[in-house]
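The values are calculated or read from the model by the stated rules, or taken from the named source; none is laboratory data. Since we're looking at a predicted model, the values are computed, not measured. Every residue, glycine among them, receives a Cβ derived from its backbone with ideal geometry; neighbour counts consider all protein chains shown. Accessible surface areas use protein heavy atoms only, side chains included; no ligands, DNA or RNA. Shrake-Rupley method; radii C 1.70, N 1.55, O 1.52, S 1.80 Å.
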Amino acid sequence: MHHPGPPRFVAVGDEVELAPRDPDPSATYAWRVATAPTGSAATLGDDPVEHFEPDVPGRYGIELSAPDGTHTLTVRAYPGYMGASGSGGGHYGRSGEEETEFETTPAGEEEGESGESGVSGSARADDEAAPTGPGGRPRLSLSSEVTDDAVVVRADASGHPDGPETTSDLAIEFLLDDRDDLSRDDVTIDGPELRIPRERLPDLARAHAVAIGRHGFSVPDAVEIERDGSDLRTELPYHPPEWARDATIYEIYVRTFPGQDADRADPDRTVADSDRTVFDAMIDRLDYIADLGADTIWLTPVLENDHAPHGYNVTDFFAIAEDLGTRADYERFLDEAHDRGLTVLFDLVCNHSARAHPYFQAAVSDPDSEYRDWYEWRGPTEPETYFDWEYIANFDFSHLPVRRHLLDAVDEWAPLVDGFRCDMAWAVPNSFWREIHDSLKARDPEFLLLDETIPYIPDFQGGLFDVHFDSTTYAALRRVGNGEPAEAVLDAIDERTRIGFPDHAGFMLYAENHDETRYLVECGRPAAFAALGALFTLPGSPMIYAGQEFGQRGKRDDLAWAHADEQLRAHVRRLAAARTETSALAADASLDRVAFEVVDGAPAPVVAFERDATDGTTAADATASAVVVLNFADDPATVRVGPSTGGTDLVTGESVATDDGLRVDDVVVVPVDGE
């Protein structure tokens, strides 16, 4: 089906990329603005991939003529001040897509009342006057309930933390999906609730919603309802898979992971030295990774490349790199990992190919080559790149054969793995990621999409990705390790809400990776212990970069397995175990600042906070609420905290209580109320 996907929620002036899905490069596609609000002069061109810019608030109906028929896409545009450049600061990044079957008006005529689109609440969705005063983007999460006679979709909306708006001040706008056989007349909307009677449900129905406040509109959320006879199944396709919310991720930089020859000795291995591959070396360490407490492995790229050791300069999107092993070796590694209950992420590179790729070589050597249009160009022989990287060339996503090639590569590798880590996600068109998201989630709702976007973008939660690199907390950890007050770590966590991420958003916490100097090298060993404590106690999924757990100093050097810091490694194991065993450290447990006093030691490197999961645990769970204290200083601190707590550290199992407070070397986690 070539339909361009769910409807879009955008602001006036935002650019909406329009592309047919599952494209046939040999086919003809045509776009037109079929309906538009009064006063709009927005138009579209004649290319198969177009960019639409709404020029007045309201609803637009965009039609795609494709080989399989005519498809309609609804674009809902809000006033421009709600966009990223608006004074309200309400819109960050491009918004998610949504579609409707609501009444539209021919282009140039007045559109219907906003209630036709399922708007409820006191906010004025199309008010052109930019607001004054504090505030910002609201947030929204959907839930669903299947009753005897209907499916009920509920919106839980929250105002911006710095503004006065409450839930009752926000409007909720529901849209149905244009692809589904469901109309506005089939549903009822009552405030934040949409009800679909069972007898009106088609085999597949999707409902989308945003919250609208004075300063902006939320990241969209969606509910999917699938009918199987008399049974109904609901999914939240924009929410992370359950397994991923509390995953502990272990990144492997594949070519240096085995270590020096002397470090590779494994008396239990079954593959002869002469036949061993990098994948064999990784298989040898799977039990170690599981014992460390990790449950998810992220491999840096494993495809054929130009022999840069990082592997991101791909020369064949369908072949495993020969220096790592064969495809059979790779699949054996995956089987061995899965047998141990480990999930595996494939590093997906879509923005570019290597300049050594045969298609680029053909394009640069012959201006008339069929591959010339596959790339963006600065000059006759110089491709477009980011950061002047000299060994890659950016793909041109307006060219349908590029999309087809990369979608086929996605289809090649997705069935083998549990998720994609999406390289340079910010550099690839949003519409392309949305197509990948929807295609993969339709096959496997538990498939994970993790985006590398720095800084992170809230709208990427709206139907593009599940979990995001938390580069904001990463940067705060680095600053704290270099002397900034440790409260900066909590400010970084608060930033998620402040810029509009919904409560269901997922985050990967990290202190280092293959692109960064090792934290221990930059900030020192005591701070490294505390930073690891932060990764395992803050909301999100902690990521350990191979070697971080035992004090590796080079970021891409061969791992020095024979020279490990065993105290550091034991620290990681204890933290991983405590996170698994402590309900309060779950990703969806709340975080609140608590009063604390450093009675002995340096105060600036210390921070304390409470994690609480009492809403989702039984009364007998002694770990449902806990206080965490981090100390990034070289010397221990004695810290008195506001809440009444026990004195036994849930990480080490040892007493940290003194007459004056809690003794904190780097991190302690103590239960609240003396449990």
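Here are the numbers:
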quantity	calculated
Solution diffusion estimate, µm²/s, Stokes-Einstein, segment 241-392, Kirkwood Rh from C-alpha pairs, 20 °C, viscosity 1.002 mPa s	123 µm²/s
Protein accessible area in the chain, 1.4 Å probe - carbon and sulfur %	45 percent
Cα-centred dipole magnitude for the chain, charges only on beta-carbon of K, R (+1) and D, E (-1), debye, nearest 20	1160 debye
Segment 364-418: projected area of the alpha-carbon convex hull, averaged over directions, in nm²	5.1 nm²
Surface/4 of the Cα convex hull for segment 403-463, nm²	4.0 nm²
Calculated on alpha-carbon atoms, Rg and Dmax of the chain in Å	26.1, 81
Lys, Arg +1 and Asp, Glu -1 on Cβ, resulting dipole of segment 565-675 about Cα centre, debye, nearest 20	220 debye
Net charge, Asp423 excluded, C-beta distance under 12 Å - Lys, Arg +1, Asp, Glu -1	-3
Antiparallel %, DSSP beta bridges [both residues in segment 299-455], to 5	45 percent
Relative contact order of the chain, pairs being alpha-carbon contacts under 8 Å that are 6 or more residues apart, as %	10 percent
Computed lengthening from Asp339 to Glu446, 0.36 nm per intervening residue step minus Cα-Cα distance	36.7 nm
Net charge of neighbours whose Cβ lies under 11 Å from the Cβ of Phe52, counting Lys and Arg as +1 and Asp and Glu as -1	-4
Label-point separation in nm, Asp275 to Thr28, each point 7 Å along Cα→Cβ	5.8 nm
Beta bridge orientation in segment 182-337: antiparallel %, DSSP, nearest 5	80 percent
Rg and Dmax [Cα atoms of segment 131-190; Å; Rg one decimal, Dmax integer]	15.0, 46
Kirkwood Rh in Å, taken over segment 173-228 so that all alpha-carbon pairs contribute	12.1 Å
Angstrom value of the Kirkwood radius, inverse mean 1/r, which spans all Cα pairs in segment 574-675	13.4 Å
For segment 518-636, convex hull volume per residue from C-alpha positions, Å³	113 Å³
For the chain, calculated [θ]222 nm from helices alone, where every DSSP H run of n ≥ 4 adds -39500 (n - 2.57)	-5500 deg cm²/dmol
Solvent-accessible heavy-atom area per residue, rounded to whole Å², over the chain at 1.4 Å	38 Å²
Hull shadow area, averaged, segment 164-307 [alpha-carbon convex hull, nm²]	16.7 nm²
Distance between modelled label sites at Thr38 and Thr614, nm, 7 Å Cα→Cβ extension	5.5 nm
Pairwise FRET efficiency - Glu382 versus Thr658, Cβ, R0 = 60 Å, nearest 0.05	0.40
Beta bridges by DSSP in the chain, antiparallel share as percent, to the nearest 5	75 percent
In segment 313-364, GluC sites (Glu not before Pro) in a DSSP loop with at most 12 other beta-carbon atoms within 10 Å	Glu322
Under-5 Å amide H pairs with Ser353, H placed in peptide plane, nonlocal only	Ala393, Phe395
Percent breakdown of C-alpha pair distances by 10 Å bin, ordered from the shortest bin, for segment 379-481	13, 39, 33, 13, 2
With all protein chains modelled, accessible area of Trp561 [1.4 Å, Å²]	20 Å²
Dipole magnitude of segment 512-631 about its Cα centre (Cβ charges: Lys, Arg +1; Asp, Glu -1), debye to nearest 20	320 debye
Local net charge near His307, Cβ-Cβ under 13 Å (Lys/Arg +1, Asp/Glu -1)	-3
